[in-house]
Number of protein chains: 2
Amino acid sequence: MTDIARLFGIEFPVFAFSHCRDVVAAVSGTGGLGVFGASVFTPEEIEIELDWIDRHSHGGPYGIDFAFPPRATDSGPGAEPDLPAQHRAFVADLLNRYGVAEFPAGTDEERATYRGVDFGDYDEALEVVYRHPNCRLVVSALGTPPSGVVERAHAEGRLVAALAGKPEHAVRSVAAGVDIIVAQGSEAGGHAGSVSTMVLAPQVVDAVAPTPVLVAGGIASGRQMAAAMALGGAGVWTGSMWLATEESDLSPEMVQKIVTADSWQTVQTRSITGKPCRVVRSAWSDAWEAEGSPKPLPMPAQGFLVEDAMRRIERASRDRDTGGLELLTCPAGQVIGQLTKVSKASRLLLDMVEEYIECVEDLERRLVAE
Amino acid sequence: MTDIARLFGIEFPVFAFSHCRDVVAAVSGTGGLGVFGASVFTPEEIEIELDWIDRHSHGGPYGIDFAFPPRATDSGPGAEPDLPAQHRAFVADLLNRYGVAEFPAGTDEERATYRGVDFGDYDEALEVVYRHPNCRLVVSALGTPPSGVVERAHAEGRLVAALAGKPEHAVRSVAAGVDIIVAQGSEAGGHAGSVSTMVLAPQVVDAVAPTPVLVAGGIASGRQMAAAMALGGAGVWTGSMWLATEESDLSPEMVQKIVTADSWQTVQTRSITGKPCRVVRSAWSDAWEAEGSPKPLPMPAQGFLVEDAMRRIERASRDRDTGGLELLTCPAGQVIGQLTKVSKASRLLLDMVEEYIECVEDLERRLVAE
């Protein structure tokens, strides 16, 4: 269909980011390319997940996504930052006000640590990746990856992609050897910038041509896919549309929030990771925005600050505690307003591609009808 | 080319909003449809401007755009609101800090009043419109127009359009008899909401089908036009792309800011009109965002508060005073990052349409090459 599809030997130029192996396998097994968001997993867990994906994706290729540290000088693994007493007190008070229970004492839950902000272990994780030949794409979630990563990936015959919210970031990544750019507009879930997909994508496409650019942010239907391709995309990068699927491992409570939310119920907040991150608006994001609240700490400190709170909130929401449900949030883009029911991932992908083809044919028809 | 083009007897489904009659005439005379932003003009001035457009648009149809009061209960013309002393002092201090000169005493400049926030006289202005048969479209900039306006326009054989930043606003406008919806994403210049064009447009299209929807926000090239049409647009609504044209009546200083700005140098601020309005970021918008600054007043009070300041800043910037240049701003969308030189409006329109056609043909080619 497109150059990028030929490059990977896939049918459709649709890339699907998910933290859930079931979504990755479903998309890669249906002609797209699933990308496994691996930042919160240990190397041992990644081994298990990739083995599972290999067995369930009908031989389709897939990718993996890491939050490599944005700069080589960033603190390595395990370097927990100092967290101001004011911030600790604010979080404790917030959970208290919403009646979120403590972890049961002496359990694994109490001892767990949040690994999503701990920029480490990716060397070991990448060794796992390179033992999985179908994992054809290594993605850097936060921009230009460390140079060693690019060289090694290429030596292993893998392609490397990097997300970009500005043309100059994309140019820097291409100079560092990155093969594919993901241009992500402000409407996207998770970490993104302030310029929308409609405006950003053509600028990135022009800045790095002929490097292929996947268009991300606001893409969850065939019409949006056609729009992204019109903007110069070699393909599309999707994420939020897989949150409300049968394959998603989000809690039923979070899925419920997503299928009932409209597009106005997401917000860019620094309160989760320290960088602007679009999430479903909740009592958590509101509390950090309120007058008199402390400013979120920078990345990675904010992540360390809130990791336990996030897990306690999810736990409370699974118990259907009112306070936990009010605070509960997760990264999601503005397209969640389009999601009104739980669907099968393979069905979503095929419907999207069918609508895309119809949309392009309709555009051509309207042109000729002149 | 499209239904909407046939409806108006125009060649291209491109609508061009501008406060400048030269831009309106150039677009309407080249096969598009110019829309004259008339809110800051008196009925007498509108008569002069429309007569001029009639003489310079080669018989092409055009439209007119008013900021009708969003609700019938809003205060009528001339009802100047109370302005808090704190806010008056903040504005005075800001101009003082940047050394912006007072108006020359006893001149017309000193006596002028800002009519953009004075929701009045539009009955009389519309009578002027109805004496101009080529003014085929009446547009409501702030949402559903007053019902009397729709009835009268239809009786006069004119079509009515209304801007919408949410599907429910579009539905309300269609219920009020509006013929065409302009779905405006958050990247747009001027008053807009928080959801991007990519996400908003399909929702509005579906909500009001089969009512035609013009897609606005982030549209300034043929690729963006193709994307907008893919999202279900019956046509496109453009604005910022006409700011840096030979026909624009912006000051050379403001045009210079626009052609040098990138897409990250706009900001949604309530500091101009009281409603979120995307403008070129400047010392003015920064000052209102700074910690400790007063919150902008609601519309129309903020407009009354800052009207003299805006005129004094423009005056100072035309004199090339440093402070005035730093404070100077105007409404503009994120697409200004694409504008790098001053172009002829007719050339911009034809280039856009040519790129749009190539883009659609390329989309179709890529599909068939599968």
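For A:GLU124, the test of being at pLDDT 95 or above, more than 14 Å from every other protein chain (Cβ to nearest Cβ), surrounded by fewer than 24 Cβ atoms within 10 Å (Cβ to Cβ) and assigned to a helix (DSSP H, G or I) is failed. Kindly evaluate B:SER263 against the criterion of being closer than 21 Å to B:SER282 by Cβ and in a loop (DSSP other than H, G, I, E, B). So B:SER263 passes the test.
Considering segment A:287-370, the qualifying helices (runs of 4 or more DSSP H), each wholly inside and each with 1 or more residues that are more than 13 Å from every other protein chain (Cβ to nearest Cβ) and closer than 16 Å to A:ASP93 by Cα, run over A:301-318, A:322-327.
With respect to A:ARG270, is the statement that it is surrounded by fewer than 21 Cβ atoms within 10 Å (Cβ to Cβ) and in the same structural domain as A:GLN302 (by TED's automatic domain parsing) true? Spelling it out, A:ARG270 is indeed surrounded by fewer than 21 Cβ atoms within 10 Å (Cβ to Cβ) and in the same structural domain as A:GLN302 (by TED's automatic domain parsing). Scanning segment B:1-30 for residues being open to solvent by 10 Å² or more (accessible area, probe 1.4 Å) and part of a loop (DSSP other than H, G, I, E, B) gives a total of 8.
Selection within segment A:175-201: residues that are of a type in the set (A, V, I, L, M) and surrounded by fewer than 24 Cβ atoms within 10 Å (Cβ to Cβ). The member of this set that is farthest from the other protein chains (Cβ to nearest Cβ) is A:ALA176. Of the residues that sit in segment B:276-287 and are within 18 Å of B:ALA192 (Cβ to Cβ) and not basic (Lys, Arg), which one is surrounded by the fewest Cβ atoms within 10 Å (Cβ to Cβ)? Here the residue is B:PRO276. Determine if segment B:228-244 includes at least one residue that is in contact with a Ser or Thr (Cβ under 8 Å, 6 or more places away or on another chain), open to solvent by 50 Å² or more (accessible area, probe 1.4 Å) and either within 14 Å of B:ALA332 (Cα to Cα) or not acidic (Asp, Glu) (or both). Within segment B:228-244, none of the residues are in contact with a Ser or Thr (Cβ under 8 Å, 6 or more places away or on another chain), open to solvent by 50 Å² or more (accessible area, probe 1.4 Å) and either within 14 Å of B:ALA332 (Cα to Cα) or not acidic (Asp, Glu) (or both).
The values are calculated or read from the model by the stated rules, or taken from the named source; none is laboratory data. On a predicted model such as this, the values are computed, not experimentally measured, just so you know. With ideal geometry, Cβ positions are generated from the backbone for all residues, glycine too; neighbour counts draw on all protein chains shown. We work out accessible area using only protein heavy atoms, side chains counted, and drop any ligands, DNA or RNA first. Shrake-Rupley method; radii C 1.70, N 1.55, O 1.52, S 1.80 Å.
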